[in-house]
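Student: Handing you a structure now.
The values are calculated or read from the model by the stated rules, or taken from the named source; none is laboratory data. Computed from a predicted model, the values in this text were never measured in an experiment. Cβ atoms come from the backbone with ideal geometry, glycine included; neighbour counts cover every protein chain shown.
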């Protein structure tokens, strides 16, 4: 029996893969999900007593319970948590046994992209023909192919503009980098010049100090020469005085000697 169930499950999964819907469900009379081809987190969940009651799956289950045996009900598009909160619509109908007995429900899950793919088929409708899926609130549930084409064209233009802007930005960045390098070179040259000036100032200061010290030495030597000159002058004066005295004595001696001769 288990082998038979597994065989049927494999078959249903294959059927799910080759059809345009996303997932295939079998639900018992109590609302328990007893089979799902996609095997997401909703497997084994009771729809009426769980958070699924507020989803499009819960809406479809409520409608199907009230519908006739031959009716197929369709929910609205709402985010479906087990499918990463992607918008989904559910189609659901009652399952009947061979004797007509109601034994459960079968449901199909259609994500938005699958619905769009179906609704945007334009075979036999010409270039401008379109089909839309509209909800009870008069709002569209499927995208317009014309709007999509316009959006794509707009995106292409925006991408082109963005690319051109990026290229301009890149060129401006290169220009700024070049100017920064030039400024850096100029600053380096100025820095070298300043360093040279500082070095020259140090040399000038050293030379000035040496000249100052030499001037002091010269002034000192000049004073010493002046002192020596003064001393020499004084000695010369004394020598002259002495010479005068000697000459006077010599004259006196001469006179005395002459007196003895006579």
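Each row is one residue, and each column tells you yes or no for (1) part of a helix (DSSP H, G or I); (2) crowded, with 17+ Cβ neighbours inside 10 Å.
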{"position": "41", "(1), (2)": "no, no"}
{"position": "48", "(1), (2)": "no, no"}
{"position": "57", "(1), (2)": "yes, yes"}
{"position": "110", "(1), (2)": "no, yes"}
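Student: Quick check on my filter: what residues within region 94-114 are more than 16 Å from residue 58 (Cβ to Cβ), modelled with pLDDT of 95 or more and touching a helix residue (DSSP H, G or I) at 6+ places or on another chain (Cβ under 8 Å)?
Tutor: Answer for region 94-114, where residues must be more than 16 Å from residue 58 (Cβ to Cβ), modelled with pLDDT of 95 or more and touching a helix residue (DSSP H, G or I) at 6+ places or on another chain (Cβ under 8 Å): just 94.
Student: Now for a separate question. Residue pairs, Cβ under 6 Å, 6 or more apart or interchain, first in region 240-255 and on the phi > 0 side of the Ramachandran plot and in contact (Cβ under 8 Å) with a residue 12 or more places away in the chain, second surrounded by 10 or more Cβ atoms within 10 Å (Cβ to Cβ) and part of a helix (DSSP H, G or I). List them.
Tutor: Qualifying pairs under 6 Å: none.
Student: Restricting the first residue to region 71-100 and requiring it to be at negative phi and without any contact (Cβ under 8 Å) to a residue 40 or more places away in the chain, which pairs with a second residue that is surrounded by fewer than 16 Cβ atoms within 10 Å (Cβ to Cβ) and part of a loop (DSSP other than H, G, I, E, B) meet a Cβ separation below 7 Å and a spacing of at least six or different chains?
Tutor: Matching pairs, first to second residue: 73/67; 79/85; 93/71; 94/69; 96/69.
Student: Inside region 23-42, can you point out the residues that are under 45 Å from the mean Cα position of the chain (by Cα) and under 19 Å from residue 91 (Cβ atoms)?
Tutor: 23, 24, 36, 37, 38, 40, 42
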